[in-house]
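Okay, structure first, notes after.
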Amino acid sequence: MRTVYRSFAYFGLGSIFAALLYGFRFAPGAPARNFVFDVVLYGVFVVPHLVMTRGWFKQAVYGSPAGSTFERQVFITVTVVTWLAVLWFHRPVPGRVLHVPGPLRFAALVGFVLSVFAFFEGKTFEMLDGLLGVPGTAIMHSHGGETPLLTDGSYAKVRHPMYRAALLAGLCSIVLHPHAAQVLWCLLIGGTFIAFIPVEERQLIAARGEAYRVYMQATPWRLLRGVW
């Protein structure tokens with residue numbers, strides 16, 4: 001079961017970047033109502049995803065606001081299944097396709113690859129196993145004190161370098177697929193990341209207290225140095 005779950009979880013993680021690189025469904029003659037359908041479909045995915053990260057939900061369901069391997073496994077399973085459903089069921093949206101010169105598209109592809117490298121910077125498979133809740137590994141990247149607070153490397157420059165890398169990958173993917181569908185989905189995904197950052201930081205302050213406040217003072221920028 002460990003191998004099956006691990007393969008499933010890694011497939012789900014990889015599918016996020018694969019979807020951006022592959023591109024979302026687009027058709028110039030598609031009905032405009034497909035925009036509404038896709039937004040609602042994304043809501044069906046993202047609302048449970050966000051609710052399951054909240055301390056009150058973990059307390060109510062698991063009896064503790066702290067993360068656990070089982071809680072992470074349930075979260076990853078629900079997230080991957082609903083995300084794959086989004087990829088399967090989302091509808092093409094209409095619009096125009098912009099012409100992007102070949103050299104610029106190639107540069108965007110290089111930028112996408114570098115963004116993936118940045119997302120996984122400093123991560124080992126052992127750390128990713130912990131992030132995904134693979135059985136037999138120590139849980140990683142939880143809000144509570146059960147995991148170490150990352151403050152070195154890219155985390156010493158901005159507080160959310162993984163989100164920044166995902167956003168940059170999305171921007172590069174729009175150059176690779178310069179149409180309305182790609183813009184829509186990158187706005188939905190990127191907007192979720194940005195909106196969730198203050199929520200996540202409130203959870204971190206509640207769980208880590210002074211340790212996280214000190215980190216915020218030492219690293220004042222969330223995503224982009226000198227901007228936000």
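Since every read-out is calculated from the coordinates, none of them should be taken as a lab result. This structure is a prediction, so every number in the text was calculated from the model and none was measured. Please note: Cβ atoms are built from the backbone with ideal geometry, for glycine as well, and neighbour counts cover all protein chains shown.
Tell me which DSSP H helices of the chain clear both cut-offs, 18 Å or more of axial length from alpha-carbon atoms and a mean Kyte-Doolittle hydropathy of at least -1.0. Those that pass (Cα extent of 18 Å or more, hydropathy at least -1.0) are 2-22, 33-51, 69-89, 102-119, 161-176, 180-208. Note on Met140, Met127, Met1: ascending count of other Cβ atoms within 10 Å places them as Met1, Met127, Met140, the fewest first. D by Stokes-Einstein for the chain, Kirkwood Rh over Cα pairs, 25 °C, 0.890 mPa s: 130 µm²/s. With N as its number of residues, the range 88-192 has a Cα radius of gyration that, divided by 2.2 N^0.38 Å, comes to 1.32. Exposure proxy ranking for Trp221, Trp83, based on other Cβ atoms within 10 angstrom of each Cβ and starting from the fewest, stands as Trp221, Trp83. For the range 16-143, the Cα-based Rg and Dmax, in that order, read 18.5, 55 Å.
Only DSSP H runs of four or more residues enter the estimate; each adds -39500 (n - 2.57), and after division by the residues of the chain the mean residue ellipticity at 222 nm equals -22000 deg cm²/dmol. For the range 37-117, trypsin sites (Lys or Arg not before Pro) are listed when DSSP marks them as loop and at most 13 other Cβ atoms sit within 10 Å of their Cβ; the list is Arg96. Overall, the chain carries a charge dipole of about 420 debye about its Cα centre when +1 sits on the Cβ of Lys and Arg and -1 on the Cβ of Asp and Glu, all other atoms neutral. Put simply, the convex hull of the Cα atoms in the range 175-214 casts, on average, a shadow of 3.7 nm². For the options Pro148, Pro94, Pro103, a Gaussian network treatment of the chain with springs between C-alpha atoms closer than 10 Å singles out Pro103 as fluctuating the most. The fewest-to-most ranking of Trp185, Trp88 by surrounding Cβ atoms within 10 Å reads Trp88, Trp185.
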